[in-house]
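The values are calculated or read from the model by the stated rules, or taken from the named source; none is laboratory data. Note that the structure is a prediction, hence the values are computed from the model and not measured. Here Cβ is always computed from backbone atoms with ideal geometry, including for glycine, and neighbour counts include all displayed protein chains.
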Protein chains: 4
Amino acid sequence: MNVLITGFDPFGGESINPAYEAVKRLPDHIQTANIIKLEIPTVFEECTKLLDEAIQKNHPDLVICVGQAGGRVNITPEFVGINYMDARIPDNKGNQPLQSKIKEDGPDAYFTKLPVKAICEELKSSGIPAVISYSAGTYVCNYVMYSLLYMIDRKYPHIRGGFIHVPYDTSQAAKLSSSTASMPIDMISLGLEKTIKACIEHSEDILIPGGTTH
Amino acid sequence: MNVLITGFDPFGGESINPAYEAVKRLPDHIQTANIIKLEIPTVFEECTKLLDEAIQKNHPDLVICVGQAGGRVNITPEFVGINYMDARIPDNKGNQPLQSKIKEDGPDAYFTKLPVKAICEELKSSGIPAVISYSAGTYVCNYVMYSLLYMIDRKYPHIRGGFIHVPYDTSQAAKLSSSTASMPIDMISLGLEKTIKACIEHSEDILIPGGTTH
Amino acid sequence: MNVLITGFDPFGGESINPAYEAVKRLPDHIQTANIIKLEIPTVFEECTKLLDEAIQKNHPDLVICVGQAGGRVNITPEFVGINYMDARIPDNKGNQPLQSKIKEDGPDAYFTKLPVKAICEELKSSGIPAVISYSAGTYVCNYVMYSLLYMIDRKYPHIRGGFIHVPYDTSQAAKLSSSTASMPIDMISLGLEKTIKACIEHSEDILIPGGTTH
Amino acid sequence: MNVLITGFDPFGGESINPAYEAVKRLPDHIQTANIIKLEIPTVFEECTKLLDEAIQKNHPDLVICVGQAGGRVNITPEFVGINYMDARIPDNKGNQPLQSKIKEDGPDAYFTKLPVKAICEELKSSGIPAVISYSAGTYVCNYVMYSLLYMIDRKYPHIRGGFIHVPYDTSQAAKLSSSTASMPIDMISLGLEKTIKACIEHSEDILIPGGTTH
């Protein structure tokens with residue numbers, strides 16, 4: 001089993017991006033799975049182009065994209081990606097799409113097929129705060145998530161995919177002038193390892209019981 | 001022009017629900033519109049049954065449902081309703097749907113057609129804090145929103161509809177043991193009046209520029 | 001009975017300061033008391049010089065200073081003023097005292113003699129969120145509070161005095177880019193009126209039962 | 001040099017108290033200092049009786065008490081202890097002092113002599129979020145802090161002492177139903193080690209420049 005996991009490159013003047021730093025520290029194997037790690041740029045379009053190339057090259061069964069949601073206290077698996085971009089600030093190449101759709105022919109939103117509840121249970125039983133999030137925002141993070149789910153819907157129906165938001169790293173937060181929540185990178189990385197473990201062990205659809213997604 | 005606006009009945013042991021209290025205080029006419037006010041129960045299914053009956057009876061052009069999101073500091077027009085229920089606590093009749101779809105044959109989500117950005121601008125220029133929300137939760141509020149947008153999609157394509165979350169009323173917050181944000185009911189009610197005004201004046205689709213929703 | 005109540009002038013580029021705006025709207029008489037309103041500058045030393053002059057001129061029985069604590073959700077009567085200045089930003093005349101005492105010969109702190117618990121009860125029973133605060137910070141607000149209590153201790157033992165922090169005004173908060181708690185100026189002003197009422201009706205010492213402060 | 005450092009016992013139904021867990025993990029020697037660790041009960045009076053006995057037995061040069069402030073995101077050295085108790089809930093033996101002084105003959109407050117600014121700089125340069133706090137509350141934590149500073153003032157003038165509040169442990173936070181900030185115990189413990197290091201290296205008075213405290 002192949003797992004492709006991505007993290008964004010540094011952004012907004014930072015020298016590191018904790019999302020990819022945490023990805024980098026993952027082991028190369030988790031249970032029976034090979035872990036393929038990929039840094040993607042915080043740039044609309046480019047990030048998903050690279051993601052698609054990596055999917056074609058590595059044939060993953062599971063794709064997890066990781067980004068930072070500064071200020072959150074928990075690791076938050078995202079439940080839904082929406083077909084919408086509204087960038088508060090420009091991306092790393094100066095793009096700033098406003099109030100526009102990601103895919104003209106796509107539905108308003110896709111639910112992830114990752115077992116978000118099982119992921120949160122796994123993390124919490126390991127002492128790592130976690131909660132499901134129902135909004136990935138309207139910036140590059142949601143863009144990657146929606147685009148991944150669109151690709152899965154159109155081209156890669158056998159892949160399960162989703163997005164995980166992680167808090168500020170503590171060393172970032174320690175430098176900020178105002179108080180904000182954070183988590184050490186080692187704990188974030190352990191949280192991602194537990195996330196992958198939960199995905200491997202819970203391959204059923206997330207909407208059980210109570211209905212199936214298709 | 002007819003505007004149907006709903007608020008929930010008291011919930012969780014409270015004697016009033018600020019959402020409907022604010023609705024009740026609205027004038028009967030705003031600009032050229034007749035305002036029809038409806039209290040709906042905080043009960044899955046029943047609330048949308050009553051909503052549908054009121055739509056059939058009153059032939060509204062605009063339907064706005066209002067609920068409370070205790071703890072928020074702003075009036076928050078909701079952008080998206082999702083096809084999902086996961087109730088943390090039972091509703092007023094003891095129903096507690098968990099991890100299930102609202103409509104088996106519905107898409108994962110619908111975007112509102114209300115001009116959420118124009119609503120926020122109108123409110124803020126009136127001195128009322130407002131911001132777009134991208135998650136209405138997974139309880140009765142999101143249930144009503146998704147169900148309304150589903151009904152519009154299937155039966156009432158000429159209606160525009162959406163959902164507005166409002167903060168705690170200050171007199172509720174004053175009774176709570178922990179500090180929490182709030183807003184006086186009169187200001188909430190003024191915010192809803194400005195919301196209707198913005199909807200009347202901005203009939204264009206929300207995804208302009210950058211694409212249209214259909 | 002004479003009540004002197006002060007509010008700061010506009011600060012940090014703002015055109016109004018809600019603290020004094022709320023003071024200005026107070027009636028000239030509350031119960032049996034004459035209300036004397038004074039705007040003081042957001043400047044170390046100058047503010048207390050003006051305050052002392054106004055005390056000498058008006059012979060108040062009660063002195064209440066009001067300032068803004070942006071971000072708080074409640075009206076917060078301050079319990080204690082500390083003999084310490086550490087200004088994060090310069091005041092309106094460019095002074096920025098760092099890590100220094102206010103009065104070389106003063107004690108580390110003074111408790112207010114205002115009935116802070118009764119004030120909060122009065123406000124909450126009027127539907128206005130309120131809670132006692134145990135820190136007025138280390139800027140001009142705490143400076144005025146400590147200096148007032150020092151003057152009372154040394155020169156005006158018959159006067160009761162204290163400090164009230166109030167939230168952002170809603171129209172200020174509506175202009176900020178990030179979400180923050182606020183309260184309409186009219187409600188802040190009503191809260192100050194109720195504060196004065198509680199002070200008039202509760203003239204006993206605040207540390208009853210359990211001990212007296214001197 | 002001897003350093004006495006205390007942490008509270010488990011409280012409010014918890015099986016562990018992260019404050020003492022973090023203390024327990026400290027090394028026995030930090031630079032030239034011997035570290036003496038003491039668990040004290042979350043009980044008014046008893047905690048300071050045990051503290052006084054440990055001071056008499058161990059002749060420390062430095063005394064640091066540690067407690068938990070659930071919800072804070074930073075490690076927070078406390079600047080001031082106040083002569084006041086107002087317990088929201090009973091302590092571990094059912095005592096609940098309300099609105100009363102700790103010491104009838106004590107001043108309203110004492111500033112710590114710990115180098116709180118240097119402590120925060122040391123922690124932040126180690127990647128651990130830290131900020132000075134100006135209120136230790138009105139419960140057992142403030143009680144211990146004020147009592148310690150009172151003992152130092154009256155009986156042990158050669159000792160420097162103070163109080164450090166620490167966040168929830170992440171494994172505690174992971175079990176709570178609502179999202180709250182936290183920090184892993186290992187990082188809290190490292191923060192306490194850095195706190196002791198900063199106290200050893202910065203023996204000057206905290207109010208330099210700008211005045212001395214006595």
* Asked: Looking at this structure, is residue B:26 over 30 Å from residue C:175 (Cβ atoms), in contact with a strand residue (DSSP E or B) (Cβ under 8 Å, 6 or more places away or on another chain), outside any strand (DSSP E or B) and more than 14 Å from every other protein chain (Cβ to nearest Cβ)?
  -> no
* Asked: residue D:102: hydrophobic (A, V, I, L, M, F, W, C) and either part of a loop (DSSP other than H, G, I, E, B) or surrounded by fewer than 23 Cβ atoms within 10 Å (Cβ to Cβ) (or both), yes or no?
  -> yes
* Structure fact -> Restricting attention to the range A:1-23, the residues that are in a helix (DSSP H, G or I) and of a type in the set (D, E, K, R) number exactly 1
* Only one of (1) within 14 Å of chain A (Cβ to nearest Cβ); (2) of a type in the set (A, V, I, L, M, F, W, C); (3) closer than 27 Å to residue D:12 by Cα is not met by residue D:149, so which one is it? -> (1)
* **Subset of the range C:79-125 [in contact (Cβ under 8 Å) with a residue 40 or more places away in the chain, more than 8 Å from chain D (Cβ to nearest Cβ) and of a type in the set (Lys, Arg)]** => C:88, C:93, C:103, C:113
* Structure fact -> Going through the range A:105-115 in order, the residues found to be surrounded by 19 or more Cβ atoms within 10 Å (Cβ to Cβ) and farther than 24 Å from residue A:61 by Cα are A:108
* To do: Look through the range D:55-78, keep the residues that are more than 14 Å from chain A (Cβ to nearest Cβ), among the β-branched types (Val, Ile, Thr) and surrounded by 24 or more Cβ atoms within 10 Å (Cβ to Cβ), and return whichever of them is nearest to residue D:138 (Cα to Cα).
  => D:66
* Give the residues of the range A:126-140 that are of a type outside the set (S, T, N, Q) and more than 8 Å from chain D (Cβ to nearest Cβ), sorted by residue number. => A:132, A:134, A:136, A:137, A:139, A:140
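For the range B:36-61, give me each residue that is basic (Lys, Arg) and out of contact with any helix residue (DSSP H, G or I) (no Cβ under 8 Å at 6 or more places or on another chain). So that I can check it myself, show each step before the final result.
So in the range B:36-61, the residues basic (Lys, Arg) come out as B:37, B:49, B:57.
Within the range B:36-61, B:49, B:57 qualify.
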* Of all residues in the range A:29-79, which are within 30 Å of residue D:168 (Cα to Cα) and of a type in the set (D, E, K, R)? -> A:72, A:78
* Structure fact -> Of the candidates C:118, C:87, the one satisfying the condition of being touching a His at 6+ places or on another chain (Cβ under 6 Å) and surrounded by fewer than 20 Cβ atoms within 10 Å (Cβ to Cβ) is C:118
* **Residue that is farthest from residue B:194 (Cα to Cα) [pool: residues in the range B:40-73 that are charged (D, E, K, R) and in a loop (DSSP other than H, G, I, E, B)]** => B:45
* Residue that is within 17 Å of the chain's Cα centre (by Cα) and modelled with pLDDT under 95, where the choices are C:81, C:71, C:67 -> C:71
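Looking at B:177, B:147, B:135, B:171, which is the one that is part of a loop (DSSP other than H, G, I, E, B), out of contact with any Lys or Arg (no Cβ under 7 Å at 6 or more places or on another chain) and crowded, with 18+ Cβ neighbours inside 10 Å? Let's see the steps before the verdict.
Values: B:177 fails: crowded, with 18+ Cβ neighbours inside 10 Å; B:147 fails: part of a loop (DSSP other than H, G, I, E, B); B:171 fails: part of a loop (DSSP other than H, G, I, E, B).
That would be B:135, the only listed residue that is part of a loop (DSSP other than H, G, I, E, B), out of contact with any Lys or Arg (no Cβ under 7 Å at 6 or more places or on another chain) and crowded, with 18+ Cβ neighbours inside 10 Å.
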* List every residue pair whose Cβ atoms sit under 7 Å apart, with the two residues 6 or more apart in sequence or on different chains, where the first one lies in the range C:180-196 and is facing chain B (nearest Cβ under 9 Å) and the second, anywhere, is assigned to a helix (DSSP H, G or I). => C:180/C:173; C:182/C:170; C:182/C:172; C:182/C:173; C:183/C:170; C:184/B:187; C:184/C:170; C:187/B:170
* Structure fact -> Selection from the range B:105-116 of residues under 18 Å from the mean Cα position of the chain (by Cα) and part of a loop (DSSP other than H, G, I, E, B) yields B:112, B:113, B:114, B:115
